[in-house]
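Asks: Below is a structure I'd like to ask you about.
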Amino acid sequence: MSKIKHVETLTSAPVVGERYLVPTVLYPWFGSTEPWPVMGPKHTDAEHIGFDVDHYHVDIRFLSEAQVRRIERKQHYEHIESIAAGFPLATSRIGVTPDPHPEPVLRRLTCRRAGNDYPRFAAVSHRGLKALASAYAGRRCGRNAAGLLVCPHKGFVLGSLEPDKDGRVVCPLHGLVIDVAAGAVVGGKCAEAA
């Protein structure tokens, strides 16, 4: 029996149908308190995006079909990618005193969908993302202890993303485009979508 891999240690995209150890946060989101799969560290986006609220980004690759149906019914969106980008797992809700996030807990989850692309609507809808792409253009990525590239903006480990035909990946947190061979930011999804 093979050992279940941690999603943050992958050197290629997770395989649909395979199980992985995935960080989850038990928190209310779209009217349901349950363990939601998350990616990247908890952070705020005050600097360029103007969102000064602690939040995680939900990893849509590991949402169950029941979770997707509940979210899509509640928000009336066609694509789960748009929901995950537009509605992070945040500690602030209108009229509600925010509760802090608990620490992530690793759970064995099945990869349900390929890719984790940053949606076009989010890239063109927020001018702060253009400022972010401009500020980070040319910035080199760091590497974690395993030698995997890490996005220089919020520290997302990029190893579980499949490079496109040009050898680039798009960070699913905020759409920065990274040239894998150069290990540097070459722009943002906002520039490609405009």
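Asks: So how do 148-158, 59-69 stack up, highest first, on mean other-Cβ count within 10 Å?
Replies: With the highest mean Cβ count within 10 Å placed first, the list reads 148-158, 59-69.
Asks: Which percent of the accessible area of the stretch 7-188 is formed by carbon and sulfur heavy atoms (probe 1.4 angstrom)?
Replies: Taking all protein chains in place, the stretch 7-188 shows 50 percent carbon and sulfur surface.
Asks: Something else about it: Under a 1.4 Å probe, what is the accessible area of the stretch 7-188 per residue, stated in Å²?
Replies: For the stretch 7-188, the per-residue accessible area is 50 Å².
Asks: So, by mean Cβ neighbours within 10 angstrom, what's the order for 133-143, 31-41, 165-175 with the highest one leading?
Replies: Answer by packing, highest mean first, reads 165-175, 31-41, 133-143.
Asks: For R139 and E162 in one chain, what is 0.36 nm times their gap in residues minus the Cα-Cα distance, to one decimal in nm?
Replies: Once the chain is fully extended between R139 and E162, it gains 6.2 nm.
Asks: Return the FRET efficiency for the residue pair A182, K3: r is the Cβ-Cβ distance, R0 is 30 Å, and the value is rounded to the nearest 0.05.
Replies: 0.40
Asks: Follow-up question, since we're still on this one. With the convex hull built on the Cα atoms of the stretch 7-188, state its orientation-averaged projected area in nm².
Replies: 10.3
Asks: Pull up the cross-link candidates among the aspartates and glutamates for K165, meaning alpha carbon to alpha carbon under 16 Å and not fewer than 8 places away within one chain.
Replies: D117, D179, E192
Asks: Only sites in a loop by DSSP and with at most 15 other Cβ atoms within 10 Å count here; which GluC sites (Glu not before Pro) in the stretch 3-49 make the cut?
Replies: Passing sites in the stretch 3-49 are E18, E47.
The values are calculated or read from the model by the stated rules, or taken from the named source; none is laboratory data. Computed from a prediction, not measured in an experiment: that's the story for all the values here. FYI the Cβ positions are ideal-geometry reconstructions off the backbone, even for glycines, and counts take in every protein chain you see. Side chains included, ligands, DNA and RNA excluded: accessible areas come from the protein's heavy atoms. Shrake-Rupley method; radii C 1.70, N 1.55, O 1.52, S 1.80 Å.
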